[in-house]
1. Within 16 Å of ligand 2 (Cβ to nearest atom), touching a residue at least 40 places away in the same chain (Cβ under 8 Å) and open to solvent by 10 Å² or more (accessible area, probe 1.4 Å): which single residue out of Gly14, Gly57, Gly82, Gly50 fits that description?
2. Name the residues in region 355-381 that are buried (at least 18 other Cβ atoms within 10 Å of the Cβ) and among the aliphatic types (A, V, I, L, M), would you?
3. Can you find a residue in region 245-255 that is within 15 Å of ligand 1 (Cβ to nearest atom), surrounded by fewer than 19 Cβ atoms within 10 Å (Cβ to Cβ) and either of a type in the set (A, V, I, L, M, F, W, C) or closer than 21 Å to Val175 by Cα (or both)?
4. Could you please find all residues in region 149-183 being more than 21 Å from the chain's Cα centre (by Cα) and β-branched (Val, Ile, Thr)?
5. Within the set of pairs 6+ apart or on separate chains, which have a first residue in region 32-45 that is farther than 19 Å from Arg98 by Cα, a second that is polar (S, T, N, Q) and within 11 Å of ligand 1 (Cβ to nearest atom), and C-beta atoms under 8 Å apart?
6. Among the numbered conditions (1) open to solvent by 10 Å² or more (accessible area, probe 1.4 Å); (2) in contact (Cβ under 8 Å) with a residue 40 or more places away in the chain; (3) in a loop (DSSP other than H, G, I, E, B), tell me where Pro259 comes up short.
7. Taking into account only those residues within region 219-233 that are touching a helix residue (DSSP H, G or I) at 6+ places or on another chain (Cβ under 8 Å), within 15 Å of ligand 2 (Cβ to nearest atom) and of a type in the set (A, V, I, L, M, F, W, C), which is most open to solvent (accessible area, probe 1.4 Å)?
8. Do the conditions hold for Glu297, that is, is it over 16 Å from the mean Cα position of the chain (by Cα), within 16 Å of ligand 2 (Cβ to nearest atom) and either surrounded by fewer than 18 Cβ atoms within 10 Å (Cβ to Cβ) or among the hydrophobic types (A, V, I, L, M, F, W, C) (or both)?
Amino acid sequence: MSYDTAKSAFADWGVDTDAALEQLTRIPISMHCWQGDDVVGFEQKSGSSGGGIQATGNHPGRARTPDELRADLEFAYAMIPGKHRLNLHAMYLDTDARPDRDEIEFEHFAPWVDWARDQGIGLDFNPTFFAHSKADDNLTLSHPDQGIRDFWIEHGKRSRDIAARMGAALASPCVNNIWVPDGYKDTPIDRMSARARLEGSLDIMLAPPQDKTHMLDAVESKLFGIGVEACTVGSHEFYMGYAIRNGTLLCLDMGHFHPTENIADKLSAVALSLDEILLHVSRPMRWDSDHVILLNEDILQMAQELVSADLLGRTHIGLDFFDATISRTAAWTIGTRNMQKALLRALLMPWEQLKAAESTLDFSHRLIVTEEFRDMPFGAVWAEFCAREDRPNGQALIAELDRYQASVAGRG
Ligand code: RNT
Ligand code: ZN
């Protein structure tokens, strides 16, 4: 179907496809560096990521150096319409120095900042509280040992400074997201002390004032992880309260809740008490498995809530998945494009009509419209978006993804 035919089909419902496309070009998605190398990082250490997170698979082509990772990212961005961001973790430093986590400096990330400036993209950042001998017990900021807590507090403070300098250098606020793996494999008898220690450490870490035009603090909760099945110190209730009291962003990771919970439903609820939200869009399968996101009902509902509740202006959309059984660049491309496709579909809904039906309790009409809309020609509008943004689609995209994967498959 041609774009013009699709455009008039949507116009019949009072939906302006050109306005939707225009809005979609202005929604940046923060692409996570860690899909490119299976969450290994560049600290030249052996060992797994730890902290209960795990990339499984050994498909050829994993990026082994910052240069390889940047090349792969450049390719992926060239497959994705629009301008996006890069979400870096502290363990992805690019330097010959070997600073420990409590010694990292802005200079260790300077090549990333120069590259981001050249690409015209913004950066987001994360302190790395896992894959380190001082995190082997799955206790960091809540560790009973003051010395270990101080080590991680210093890492967190330095990460905030680095994030602020990245934001200033690129004239775009850098979201610095704090996730710690802290928890207990078996039932603890003193949850309160652990949570009080986490709160105390966060308070010290976040005390130095930072300019919000350069850096935004975010905190990420979790239900459980492998090895911390009985108790996660930084639970949802813990961080929701913390974020509201301290004015930080709250990060909602779609894999960090009970499988029957609807994460889209949480957006409007937390948005009433928070200025801004960070999303880790992910696809849990049976656990926080971080599968590549599909254009499925969960993602569509997230996008619909962002649009219907008018939250796009105060939600930072980040991705968090890592699959090592497929091409890493295809994973980034497919997942990021799926997030965009979901946003496009949400922008193309007849919201006035739906909201009018709901407010008059005409739930039959609401159901008829949402279900009839499933057959609308979203694909033709997406194809137009790719054409306007000079990005491949369909078979041309597959050919590009295959070609690039073949070019990196020889990496050791
Ligand atoms: C872990 C969290 C966290 C990590 C990244 C690598 O369960 O989701 O966001 O995935 O920091
Ligand atoms: Zn996450």
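The values are calculated or read from the model by the stated rules, or taken from the named source; none is laboratory data. Predicted model, so just to flag it, every value in this text is computed and none were measured. Every residue, glycine as well, gets a Cβ built from its backbone with ideal geometry; the counts of neighbours run over all protein chains shown. Accessible surface areas use protein heavy atoms only, side chains included; no ligands, DNA or RNA. Shrake-Rupley method; radii C 1.70, N 1.55, O 1.52, S 1.80 Å.
1. Gly50
2. Across region 355-381, the qualifying residues are Ala357, Met376, Ala380, Val381.
3. No.
4. If the condition is that a residue be more than 21 Å from the chain's Cα centre (by Cα) and β-branched (Val, Ile, Thr), then Ile153 is the only one that fits.
5. His32/Asn87; Cys33/Asn87
6. So the condition that Pro259 fails would be (2).
7. Among residues in region 219-233 that are touching a helix residue (DSSP H, G or I) at 6+ places or on another chain (Cβ under 8 Å), within 15 Å of ligand 2 (Cβ to nearest atom) and of a type in the set (A, V, I, L, M, F, W, C), the one most open to solvent (accessible area, probe 1.4 Å) is Leu223.
8. Working: over 16 Å from the mean Cα position of the chain (by Cα): yes; within 16 Å of ligand 2 (Cβ to nearest atom): no; either surrounded by fewer than 18 Cβ atoms within 10 Å (Cβ to Cβ) or among the hydrophobic types (A, V, I, L, M, F, W, C) (or both): yes.
When the stated conditions are applied, Glu297 does not pass them.
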